[in-house]
1. What nm value, rounded to one decimal, do you get for the distance between LYS68 and ARG200 when each label is placed 7 Å out toward the C-beta?
2. Test of understanding: ordering SER174, SER84 by Cβ neighbours within 10 Å, fewest first, what list do you get?
3. Between GLN154 and GLN41, 0.36 nm times their residue separation minus their Cα-Cα distance comes to what?
4. Can you list which of the trypsin sites (Lys or Arg not before Pro) found in region 207-255 are DSSP loop residues with at most 14 other C-beta atoms within 10 Å?
5. Starting from the amide H of TYR178, placed 1.01 Å from N in the peptide plane, find each other amide H under 5 Å away whose residue is 5 or more places distant or on another chain.
6. For a distance above 13 Å, tell me the whole-number percent of Cα pairs in region 121-167 that qualify.
7. Counting only C-alpha contacts under 8 Å and six or more residues apart, can you give the relative contact order of region 151-294 as a whole percent?
8. Ranking ASP107, ASP138, ASP238, ASP348 by Cβ neighbours within 10 Å, fewest first, what do you get?
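Rule-based calculations on the coordinates, nothing more; no lab input. The structure presented is a predicted model; accordingly, all values stated were derived computationally and were not measured. Cβ sites come from the backbone with ideal geometry, for glycine too, and all protein chains shown count toward neighbours.
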Amino acid sequence: MQSTTAVPTEQRISPGNGPRIIVQVDKPFYLPGQRLQGQVQLNLKHPTKIRALEISFQGTENVHFTTKHGKYSTTYKATNPMVSTGIRLSGQTTVPAGSTDFPFAFDIPPDALPSYLGKAAKVTWMLSAKADVPWGGDLKRDVYPIVVNPFRRQPVDVAFENQEASPRIRLELSSNVYQSGETVEGKLVLLEAGNMRAVRLQLFLLEQAAGQGKVIGTTSGSNVENMQMGETFEWPRDNLLAAREVPFRIPLSPQTPCSYTGKYSSTEWHLYATLDIPHHGDIHLDASFAVAMRTIPVAVVEPHGAVLPRAETPPSTPAQVVVPQESEPQESQVSMIVEILADGSAKDVVSVSNELEKKGSIVDIDQVRGLCERLVQQGRLERVGEGEFFAQYRLRTVAPAQSASP
């Protein structure tokens, strides 16, 4: 006689059981040389046997484009593998029902290129987790961490003038580097009007790629894409004659890709000014700038005492995060962050960092996020969503309940 009592057992994977695998990372974006830490989480309704649980980390620069020659075309490709490694998080075992976390850590190469998806080139960073489930569907999940380019020099304002004596203009930019989500600010100055009819201002992203193809043997090919981003600004001659100089503001979206130079591809940001000359060839002025993550120069940070080398941690276990005690400067920065978010709006880490800079407090982007997370733990801020690129925070309007004193 069979027993009718339910007995826990290992379950085969089926769509009805709804098992899930989730890959979580510790930061919204990473700089070259940083450590990427996270965890693979298995969410199971029943105890489940797996042969193995593995996660791989790959960073690749890829080029792929096609050029036409009359009736024929040639496809060019190139691949630059920057990193390809993996970790076995578990061997054969039975994973219990519920959520089980498996921590991992990878080091991003110091020469890592920033994430980019263009027309002929792309740079991707990918985490691929896989749970090998016998007699059932394997659990798989791919996640794409964002890597950004650092700008390690002191930003400076820049100016550009065309070589012609007449007409002649000058483009002044408030910086030679901007971060994604910032606004390109500057002035257009009329030096000599000449027979100019108008001036147009356009933002362009220049993408260059090179690869190998097959045309009676192996041959090299190149591709250039000059992509206009956003709207065109135009000032008629009369307006410029009256003002002589006009300010402009061009916002960059939070998804604006960083400038970079790779093995087979590169991107550059340019502000193109076109001087419209009637019945004559137009004059062009190119003002280039970088898009990157500004970082604090080493000379600005004065450590107290000797600096000890970082203790290496095995790749399978994340490095422990040691939170230093708040110093007076940090207390001041905390007050500034609360003041910045006092209007109740949600702001991302980069926006908060930019506001701190305007107040004269230069803080590393990771430190800003750490301070915001600390305020979240204290109940003073709340995180209102994890965007693909930036975490967002806002002032908590209702204070958390305080535990009664013994």
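1. 2.5
2. The fewest-first ordering by Cβ neighbours comes to SER84, SER174.
3. Between GLN154 and GLN41, full extension yields an extra 36.6 nm.
4. The qualifying sites are ARG244.
5. So TYR178 has HN proximity to ALA290, VAL291, ALA292.
6. Looking at region 121-167, the distances longer than 13 Å represent 77 percent of pairs.
7. 31
8. ASP238, ASP138, ASP107, ASP348
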